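Undergrad: Can you read through this structure? Questions will come right after.
The values are calculated or read from the model by the stated rules, or taken from the named source; none is laboratory data. Predicted model, so just to flag it, every value in this text is computed and none were measured. Neighbour counts run over all protein chains shown; Cβ positions are idealised from the backbone, glycine included. These accessible areas exclude ligands, DNA and RNA; they are computed on the full protein's heavy atoms, side chains included. Shrake-Rupley method; radii C 1.70, N 1.55, O 1.52, S 1.80 Å.
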Amino acid sequence: MPRPRILVINPNSNPAVTQGLEEALKPLGFEGGPELVCQSLAEGPFGIESQADVDGVAMPLRKLVEGDNSSAAFVIACYSDPGLQVCREGTDRPVFGIAECGVLTALARAETFGVIAIAQRSIPRHMRYLRQMGLTDRLAGERPLNMSVAETASGEGTLAKMIEVGRALRDEDGARAIVMGCAGMARHRRPLEDALKIPVIDPTQAAVTMALGTVQFSAH
C-alpha cells in the first residue's frame, strides 16, 4: 500500500518559506509513516501580511484542496489560518490550521502564552481569531517584530529581534510559552527556545504533529 500523504500548503508564493517548512518538518518524518509534502500556493502573494491577502487566498486554497484526491490530510501553513473553514467544507479529509494548532499546543504546555507577530497590523487580526476561539484570557500578550514575511524567513538579524521580543513577552507580559506567529519563522524555533528557556511552539510543527496522529490512528 502507498504511504498516506499529508500536504502542507504554504499559501504564499515565497519559496524560501516553503523550504523553511521542509527543514522544520524533517524531524517528523519516519520510516513507514505518512509522507510530508510542502507546496507553495502559486496564486498566493509573496507574503500574507494583510486581511486582503488572507481573503484573497481562501478560494485558491479551496480549489487546491478539492482537486487533491491523494492527500490524507491538509495543513494550511499561515498563522492567519486563511481559508480554513471553506477548505473544511470542500473535503471530508481533515484540514488543520497552524494558528489554531499552535495555540492549542501552547495551552498544553503552559498556563499563559505569548505570540510573536511579524507586524503590528497583524495583531488585531490575530486577536479577532483568539476571541472567536474564546482563548484571550490565556494570552499574556502579542508583540510584533515589524518585519516582512520574507525578512523573517531569510533576513539577517531576525533571530536577535525574536529573542528581544520573546524576552519582553516572558519578562514583562508573563508568557510561559511562546508561539511563533508566522510560518516563515520556522527555522528559528530551536535557537529561540534555547535563548528563552521556555517552550517555543512552531505552529506548523504543531499542526503537522496533529495531522500525523490523525492519519496514523485512522490507518490502524
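Undergrad: Two decimals is fine: what's Rg over Rh for the stretch 100-203, C-alpha atoms, Kirkwood radius as Rh?
TA: Answer for the stretch 100-203: 0.92.
Undergrad: Calculated from DSSP H runs of 4 or more alone, at -39500 (n - 2.57) each and per residue, what is the 222 nm mean residue ellipticity of the chain, nearest 500?
TA: Calculated from helices alone, the mean residue ellipticity at 222 nm is -13500 deg cm²/dmol.
Undergrad: From the gyration tensor of the Cα coordinates in the chain, what semi-axes in whole Å does the equivalent ellipsoid have, largest first, with each one equal to sqrt(5λ)?
TA: Numbers: eigenvalues 139, 70, 56 Å².
Values for the chain, descending: 26, 19, 17 Å.
Undergrad: Hey, can you find the accessible area per residue of the chain for me, probe 1.4 Å, expressed in square angstrom? Please report the intermediate quantities before stating the final value.
TA: Details: 9850 Å² over 220 residues.
Per-residue value: 45 Å².
Undergrad: Then there is this: At a Förster distance of 35 Å, what's the computed FRET efficiency of residue 171 paired with residue 31, Cβ-Cβ distance as r, to 0.05?
TA: Approximately 0.25, to the nearest 0.05.
Undergrad: Applying a 10 Å radius around every beta-carbon, put 72-79, 21-28, 195-202 in order of their mean neighbour count, most first.
TA: 72-79, 195-202, 21-28
Undergrad: First select every other residue whose beta carbon is under 11 angstrom from the beta carbon of residue 157; then total the charges, Lys and Arg +1, Asp and Glu -1.
TA: For residues surrounding residue 157, the net value is -2.
Undergrad: Among 183, 134, 107, flag the residue with its Cα farthest along the positive direction of the charge dipole of the stretch 100-203, charges on Cβ as +1 for Lys/Arg and -1 for Asp/Glu.
TA: Going by the Cα projections, it comes out as 134.
Undergrad: What does the charge dipole of the chain about its Cα centre add up to, to the nearest 20 debye, if the Cβ of each Lys and Arg holds +1 and the Cβ of each Asp and Glu holds -1? Walk me through the intermediate numbers first.
TA: Values: 22 positive and 26 negative charges, 57 e Å.
Magnitude of the dipole: close to 280 debye.
Undergrad: A follow-up question, please. Nearest 0.05, what FRET efficiency do residue 63 and residue 127 give at R0 = 22 Å with Cβ-Cβ as r?
TA: 0.15
Undergrad: Once you keep just the Cα pairs under 8 angstrom separated by 6 or more residues, what percentage relative contact order results for the stretch 118-215?
TA: For the stretch 118-215, the relative contact order is 24 percent.
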